[in-house]
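J.: Here's a structure for you.
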Amino acid sequence: RRGLKTFCSVQFVALGDLCLRRSSRAGLATMLSRVAVTSVLCFAASPPAVSGYPAIGGYMPVSSVLEHMQMTEEVKAFNEALTGDDPDYAMAKTIYQFGTGSSCKSPSAARTLQAFATADLTGESYYDAFIAAGWDKVWWDSWMLHMLDGTGVAAGFSRVKRVTCLKKGVLGLMTHYTSHELEDAIVMAQDPVSRGDKNSAHAWDEGWAFYYGNDPAGVDSAWEAAKKRDEDFPTGANISKVIVEHFNKGLIAVRKDTYDLTAAKAARDDIYRMWVVAYLRAALKYLELAEHRYDEKAHAEGYAYYLPIDGLVHAKSPAASQAMMKALDISKTSIAAGTYCAAKAAVEAAYTDLGISCDSVGVFKDAVITNCQACTGSAGPLPSGVGPVAAVSGTATDMTCVPTTTAPAEPITSGAHGRAAAALMPVVMACLASRA
C-alpha cells in the first residue's frame, strides 16, 4: 500500500489470504472487525526514497507532493468507518479530527480533514464567495460535526442520509481546500521572492495532489466524482479530462520563468467553472431521481454534491442559488412534483453569468423527467488547456508522523467495529506505545 509509515502491524488471515495491514488508533477497529487475527508484531519500516517527481493523473508536478496526495487515504479511512448497517460515527469523527497519519505535514504533525474545514481563507475568491452567500466561516466543520453527531441540521436523520451526506461532503471539503492551494499559489507568485517551483508552483502542485490523490485511477478523490458525472452526461464536456489541462496551464503561469498573473487567475477561474459543471450535474441528476421516486440516498447525494459550488453560483445568481438550495433542502422527506424542472430552469437561466453552457453541462443519459423546458443558456465552450510541463528531477520521501491525539474523542470500543477490536486493545496499545 502507498504511503508506508513506521507502524505497529497486525498480521491477519482474511478470506484465505494472508495480508499485512497497517494499523493506527484511528483505523484499527475497522480492520479488526473484518478479519481473523493470527499474530501481532511491531516493527519500523523505512520506505525507500522515490527518485523524481512522477506524473499524477496527467499532471506533472515540479515539487514533492507525495504526502499531500495521501490525503485520499484519510478520505478512504473516513469512508470505511461509515460502511455497513452499523456505521462507526465515533471512529469517523476521530479520523476527521485527528487523522490517521497517512498524510504528514512534519514528523510531529499529521494533516487532518478538520484542519481543512477550519482554515480561515479570508481574501480568497472561492472562500469569500461562500461568506458573501451567508455561509459561516467554519461552515464545513460545523456541517461535518453535525452529520457525524446527528445534531443540528442532521438531528433525527436516518443512517442513509447522514452517511451519504458525509461520504459526498468530504469530497466537497477536499475541493474547498484545493481552491486554497490555487489561491495561495497565485499570491506567492506575485512576490518575486516566493515565485518559483519551491513556493508558488509547489502550492499549485498541492492543489492537484489534494484534488486527485494518490491512487493511479483517482479513486476516493474529488476528481473521481467529476469523472463519474462525465459518464452520466456523455454529451457534455469531459471535465475530468480537460480540468487537468487547466491545472497544467495554471502551473506554467505561477512558475518563475513563465510567470503570468492574468493567465494564472484565468486558469483558476476556469477550474472553478468546471467544478460548477461537475457538481451541478450531480445535483440535478440526483434531484431528478429523488423527485421521480423519492429515495433518501439520491436526495442526500444531490444536496451534498451541490454544497461545494453554492458560493460560486450565488456570486453570479443569488436567485439560482436560492432555487437549488430550496429544491435540495435536506430536511425534506419528499420532493414535490415540478421541483426539478423549476430548479433546473432557474440555474440554466444563470449559465451565461456562470460562464458555462447547455452544451458543456450536457444531458443526463438516464433522464426520467423529460417535460422540462429546453435549456437555452449559453456562454460558449470551455476554453482549451495545455499538456503537462516537462518532468523535473527531484526526490520525494515518504514521511512518518503520528496523529496528534493519544485517545479518540469517544471510546474506540464503541460501535460494531470497536466491539470487535476490544479484546485485542491492550496488546495493540502496548505495541503502539512502544513505537511512540
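J.: Which one of Leu173, Ser200, Val187 has its Cα pushed farthest toward the positive end of the charge dipole of segment 155-201, where Lys and Arg give +1 and Asp and Glu give -1 at the Cβ?
T.: About the Cα centre, the residue reaching furthest to the positive side is Leu173.
J.: Here's a follow-up. Per residue of segment 267-284, in order, report the coupling 6.51 cos²θ - 1.76 cosθ + 1.60 (Karplus, θ = phi - 60°) as ³J(HN,Hα) in whole Hz, putting x for Gly and Pro.
T.: 5, 4, 5, 5, 4, 4, 4, 5, 5, 4, 4, 4, 6, 5, 4, 5, 4, 5
J.: Next up: Given a Förster radius of 22 Å and the C-beta distance between Asp85 and Thr333 as r, what FRET efficiency does 1/(1 + (r/R0)^6) yield to the nearest 0.05? Walk me through the numbers on the way to the answer.
T.: Working: r = 21 Å, r/R0 = 0.95.
Approximately 0.60, to the nearest 0.05.
J.: Note down the nm distance, to one decimal, between modelled labels 7 Å out along Cα→Cβ at Gln322 and at Val187.
T.: Using points 7 Å along Cα→Cβ, the separation is 3.3 nm.
J.: Give me the log10 of I(q) over I(0) for segment 138-284 at q = 0.11, 0.14, 0.15, 0.21 Å⁻¹, as the Debye formula computes it from C-alpha points; what are the numbers?
T.: -0.48, -0.73, -0.81, -1.20
J.: Could you pull out every residue, at least 5 positions away or on a different chain, whose amide H is within less than 5 Å of the one on Val363? Hs are placed 1.01 Å off N in the peptide plane, and Pro or chain starts have none.
T.: Counting only residues 5 or more places away or on other chains, the set is Thr235, Gly236.
J.: Okay, moving on. Report the one residue of Gly123, Ser103, Gly150 whose Cα lies farthest in the direction of the positive end of the charge dipole of segment 99-235 (charges on C-beta: Lys and Arg +1, Asp and Glu -1; origin at the Cα centre).
T.: Of the options given, the answer is Gly150.
J.: Under a Cβ-Cβ cut-off of 12 Å, what is the net charge of the residues other than Ala226 that fall near it, where Lys and Arg count +1 and Asp and Glu count -1?
T.: Summing Lys and Arg as +1 and Asp and Glu as -1 gives +1.
J.: While we're on this one: Could you pull out every residue, at least 5 positions away or on a different chain, whose amide H is within less than 5 Å of the one on Lys105? Hs are placed 1.01 Å off N in the peptide plane, and Pro or chain starts have none.
T.: Answer set, sorted by chain and number: Ala110, Arg111.
J.: Hey, another quick one. For a 29 Å ceiling on Cα separation, which of these pairs sit above it: Lys161/Lys265; Lys228/Lys344; Lys93/Lys316?
T.: Lys161/Lys265; Lys93/Lys316
J.: Checking the cross-link filter: which aspartates and glutamates have an alpha carbon closer than 19 Å to that of Lys105, excluding same-chain neighbours under 8 positions apart?
T.: Within the straight-line cut-off, Lys105 pairs with Glu67, Glu73, Glu74, Asp120, Glu181, Asp184, Asp197, Asp205, Glu206, Asp398.
J.: Take the alpha carbon atoms of segment 85-158, find their center, do the same for segment 349-376, and report the distance between the two centers in whole angstrom.
T.: Centre-to-centre (Cα) distance: 32 Å.
J.: Related question: Setting aside same-chain residues fewer than 8 positions from Lys285, which aspartates and glutamates have a Cα under 17 Å from its Cα?
T.: Cα-Cα hits under 17 Å: Glu224, Asp230, Glu231, Asp232, Asp295, Glu296, Glu301, Asp310, Asp329, Glu348, Asp359, Asp366.
J.: Right, something else. His292 to Asp136: extension gain in nm, 0.36 nm per residue of separation minus the Cα-Cα distance?
T.: Here the segment from His292 to Asp136 would lengthen by 52.9 nm.
J.: Which residues does the label zone of Ser378 cover in segment 250-271, counting backbone N under 20 Å from a point 7 Å along Cα→Cβ?
T.: Of the residues in segment 250-271, none has backbone N under 20 Å from the label point off Ser378.
J.: Just from the alpha-carbon atoms, what are the Rg and Dmax of segment 201-300 in angstroms?
T.: When restricted to the Cα atoms of segment 201-300, Rg and Dmax are 15.9, 56 Å.
No value in this document is a laboratory result; all are computed from the given coordinates. Please read all numbers here as calculations on a predicted model, not as lab measurements. Virtual Cβ from ideal backbone geometry, glycine too; neighbours counted across all protein chains shown.
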